[in-house]
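The values are calculated or read from the model by the stated rules, or taken from the named source; none is laboratory data. Please read these numbers as outputs of a predicted model, since none were measured by experiment. Backbone-built Cβ (ideal geometry, glycine too); neighbour counts: all protein chains shown.
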DNA sequence: GCGGATCAC
DNA sequence: TATGGTGATCCGC
Ligand SMILES: Nc1ccn([C@H]2C[C@H](O)[C@@H](COP(=O)(O)OP(=O)(O)OP(=O)(O)O)O2)c(=O)n1
Ligand SMILES: [Mg+2]
């Protein structure tokens, strides 16, 4: 790791440099947006034209200037890394090559080709739903969203380069005929429920991700019915179409990471099966661009490409020595596993939300009276959302986006847990006050550190928790798991050792997406426990070689999917009591959850979320039943409270992290520790 | 515990 | 005219 002379900069990195004068002649080429990255339905678009239009429409704006600032920062990091890279000696490289080779062997040993995973993703979901309600939109370019921002666009619009996350006014420039339709979440949730009923036929414990996608372990169905995965995929897609009138695409592979990639291959209305065969997987992955992997986003792609010349998954292995030299072990493991086509194959665990927030964008202002009003509204919205789920927390974070698009967050951790709008507002005001005067275009409030959360408490594995109850009751992966974190520190020790400008290098870390983010709100909502004080976590003992972390989106979904589907209804709604006491008293084994958001965890009856009244009645029924039992069996609280369940969950999380860590130090199953950070 | 950042939908 | 909202996690402090 000593930095010395011999330069070993790899040639492909040089290939990335642009020719002289290019930027001056075609400035739009240097404005990197996400709009030109591969996306279904955009294969034939004239990317150059789109890039040019986006550039022309954005140029000079505050938004644009901020993007330029961020890009310059990343570029500098890349330059620094390249220098570090060039300074590696042959000895350094030889050393890291050994480390990498050893790691790759370990990862390979963890490969599990015994499961068959299917990832299903609806086609242009919001847009497709809108077209169902208004058939006259059929065949015309249309987008869901506003002139400021689009949620998605149908395939006709995509031919023009119009896509999700693009401002509507730019989309209209690309496609003057574009029809705008406002978003209507109720509709999307309704149709999402319908699709999930179909998914449940093939895997009752499917992992729901966002509203429009899910992972199914179809190993058993294929075996029991003695049919090929391809037929299951066909049948499932036909079923979804029959029930909803919507088309979807599916991907089948030995693990979730690859299944997710596969579902995108023949989208829309198509499917792709990657057989459970090592050679097939290796071939598939060899030419696969790393950007297709869940968790590898724009920045990560730029860095890997710019510093090491890595474009495909296969190159992750070719450059494994560099990867091991520059990244934390967890990150290196993740990258190498991507090169091997490994991904999670186990059943995820359930996780519960760790924060709840509300934010709004408005025209920039520095009018303090106005800002206070916005803050008040947010406090009320947030408080209402928290009460719906019986949450209270002790950390409040204020988020501000300045008129120049810079984002700032300011947080305070209180002694007591709060949930009322008054309490939230009181503390939020103080945080805001300290930033004044300031011109902002967005204000957000977030509450975390919930009552019931335990930071590092240890749980007694022998204890019977709701979690266990549920698990045994067969919830399993339905309730998905969270993503564990994945973050990597991009820059690794090597960098640190080399003493790079800490300002830049210091932060190259990025998190791995794999874990976590994938989940969407929706999921969350469905996953959260309503009207309950605590939440519990359903957990399965998954000990796949591949640990939860690394699998990218899959994991993200998987891990993230909080389950989108577990909705628990709980007994008392403890308003803000003291954590432990309240928790302990409130829940029991009888906690009821809506698995996958439609099936009762206690009796199996199916009731979609839209059946609000029916659900309430149903939960009341179980509640009454439970209370009755409680009375009869006097004390006997063998089962921990719901909150406790949550605690356990949290605990578990930390535990798993520790495990990973220790593995790291020792020499253990690799994947398990992907993403573990030093 | 705080702040900044990435990623996903 | 105009570039979203929600959630998770990480690392370095
Ligand atoms: N930045 C984004 C991306 C997506 N979505 C919403 C709208 C999409 O309809 C839905 C599903 O996201 P997908 O990435 O699956 O995109 P689509 O389903 O619209 O298109 P497709 O899956 O066919 O590519 O999530 C959003 O609000 N904001
Ligand atoms: Mg989709």
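Things worth noting here:
Condition check ((1) farther than 30 Å from residue A:245 by Cβ; (2) away from DNA strand C (no atom under 16 Å from the Cβ)) across all residues:
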{"position": "A:39", "(1), (2)": "no, no"}
{"position": "A:48", "(1), (2)": "yes, yes"}
{"position": "A:66", "(1), (2)": "yes, no"}
{"position": "A:76", "(1), (2)": "yes, yes"}
{"position": "A:107", "(1), (2)": "yes, yes"}
{"position": "A:116", "(1), (2)": "no, yes"}
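- Filter pass, residue A:282 being closer than 25 Å to residue A:75 by Cβ and at pLDDT 95 or above: no
- From A:104, A:83, A:74, residue being buried (at least 16 other Cβ atoms within 10 Å of the Cβ) and away from DNA strand B (no atom under 16 Å from the Cβ): A:104
- Residues of the range A:334-352 satisfying the condition of being more than 16 Å from DNA strand C (Cβ to nearest atom) and under 17 Å from the mean Cα position of the chain (by Cα): A:343, A:347
- Residue A:239 being more than 30 Å from residue A:361 (Cβ to Cβ) and away from DNA strand B (no atom under 16 Å from the Cβ): yes
- A count restricted to the range A:39-55 and to residues that are part of a helix (DSSP H, G or I) and without any contact (Cβ under 8 Å) to a residue 40 or more places away in the chain stands at 4.
- Every condition in (1) in contact (Cβ under 8 Å) with a residue 60 or more places away in the chain; (2) assigned to a loop (DSSP other than H, G, I, E, B); (3) under 27 Å from the mean Cα position of the chain (by Cα) holds for residue A:88 except the one numbered (3).
- Qualifying residues in the range A:286-316 (those that are away from DNA strand B (no atom under 16 Å from the Cβ) and in a helix (DSSP H, G or I)) - the one farthest from residue A:111 (Cα to Cα): A:315
- So residue A:161, is it buried (at least 19 other Cβ atoms within 10 Å of the Cβ), on the phi > 0 side of the Ramachandran plot and within 16 Å of DNA strand C (Cβ to nearest atom): yes
- Considering only residues in the range A:24-54 that are away from ligand 1 (no atom under 16 Å from the Cβ) and under 21 Å from residue A:300 (Cβ atoms), the one that is nearest to the chain's Cα centre (by Cα) turns out to be A:32.
- Residue match in the range A:107-119 (condition: touching a helix residue (DSSP H, G or I) at 6+ places or on another chain (Cβ under 7 Å) and either under 23 Å from residue A:58 (Cα atoms) or within 16 Å of ligand 1 (Cβ to nearest atom) (or both)): yes
- Sole residue being away from DNA strand C (no atom under 16 Å from the Cβ), surrounded by fewer than 20 Cβ atoms within 10 Å (Cβ to Cβ) and part of a helix (DSSP H, G or I), chosen from A:136, A:131: A:136
- Residue match in the range A:118-134 (condition: under 24 Å from the mean Cα position of the chain (by Cα), more than 15 Å from DNA strand B (Cβ to nearest atom) and in the same structural domain as residue A:245 (by the TED database)): yes
Results for (1) farther than 24 Å from residue A:35 by Cβ; (2) away from ligand 2 (no atom under 16 Å from the Cβ); (3) surrounded by fewer than 23 Cβ atoms within 10 Å (Cβ to Cβ), shown as yes or no for each residue.
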position: A:257; (1), (2), (3): yes, yes, no
position: A:265; (1), (2), (3): no, no, yes
position: A:272; (1), (2), (3): yes, no, yes
position: A:276; (1), (2), (3): yes, yes, yes
position: A:279; (1), (2), (3): yes, yes, yes
position: A:296; (1), (2), (3): no, yes, no
position: A:301; (1), (2), (3): no, yes, yes
position: A:304; (1), (2), (3): no, yes, no
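- Checked against (1) crowded, with 18+ Cβ neighbours inside 10 Å; (2) closer than 30 Å to residue A:256 by Cα; (3) under 23 Å from the mean Cα position of the chain (by Cα); (4) modelled with pLDDT of 95 or more, residue A:209 meets all criteria but (4).
- Conditions (1) in a helix (DSSP H, G or I); (2) within 14 Å of DNA strand B (Cβ to nearest atom); (3) not assigned by the TED database to the domain that holds residue A:128: number failed by residue A:152: (1)
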